[in-house]
Amino acid sequence: MAEQLPAPTTEVTTQAPATPPISPEEQRKRKLIRASFIALAVVIVVGLIVLAVLGIQPQNQEYTRGVRDVMIIAMAFLSIAISVLLIFLVYQLTMLTFLLRDEVKPLLESINETMNTVRGTAVFMSNNVVEPTIKVASTLSGVWRSLETLAGIRSSVQPKQRKE
C-alpha cells in the first residue's frame with residue numbers, strides 16, 4: 001500500500017538585506033564611549049552626594065533646606081525617568097511577543113513540516129529502496145554460498161587466522 005506524501009513546495013522566501021557586521025574596532029570604541037559615560041555619571045552623582053553631605057551642618061539651615069529641595073527635585077526627575085524607561089521596557093516586551101507570535105511561530109511550524117517531509121521521505125526510501133536491496137543482496141549472497149558449497153569452490157577471501 002503506497003504511502004501518501006505531501007507535495008513538495010517551491011516557496012521562495014525573501015529576506016531583508018542584512019546589516020553589515022560591526023568591526024571589532026568599532027565595537028571597542030562603542031564600549032569605551034559607554035564606559036566613559038557611565039564613569040562620568042557615577043563621578044557626578046558621587047560628587048553631588050559628597051557636596052551635599054559636607055554642606056549639611058546644624059548652623060547652616062538655609063543650605064540644608066536647599067539641598068533637601070534639590071534632592072526632592074532630583075528624586076522627582078529620577079522617578080519620571082524610571083517611569084519612561086519602564087514604559088519603554090513594556091513596549092519592547094510587547095514587540096518581542098508580537099515577533100514570537102508572528103514570525104518565530106510560523107518559522108517553527110515550517111521547520112516541523114519540513115521535518116515531517118524528511119521523515120516521510122526516509123520511511124519511503126527505507127521501505128521501497130533499502131529493504132528490497134537488502135533482501136536481494138542477502139538472497140544473492142545465500143544463493144552464491146549455496147553454489148560455492150555444492151560446487152566445492154573455495155572463496156578467494158580467506159577468513160583471518162587468530163594469533164595466539
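Tabulated results
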| quantity | calculated |
| --- | --- |
| Estimated FRET transfer efficiency when R0 is 22 angstrom, pair A35-A81 (beta carbons, to 0.05) | 0.60 |
| Rounded if a/c under 1.5, otherwise prolate or oblate - the range 24-141, Cα gyration tensor axes | prolate |
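Here, each number is a calculation from the coordinates, and none is a lab measurement. Treat the numbers as computed from the prediction; the structure is a model and nothing was measured. In this analysis, Cβ positions are derived from the backbone assuming ideal geometry, glycine residues included, and neighbour counts consider all displayed protein chains.
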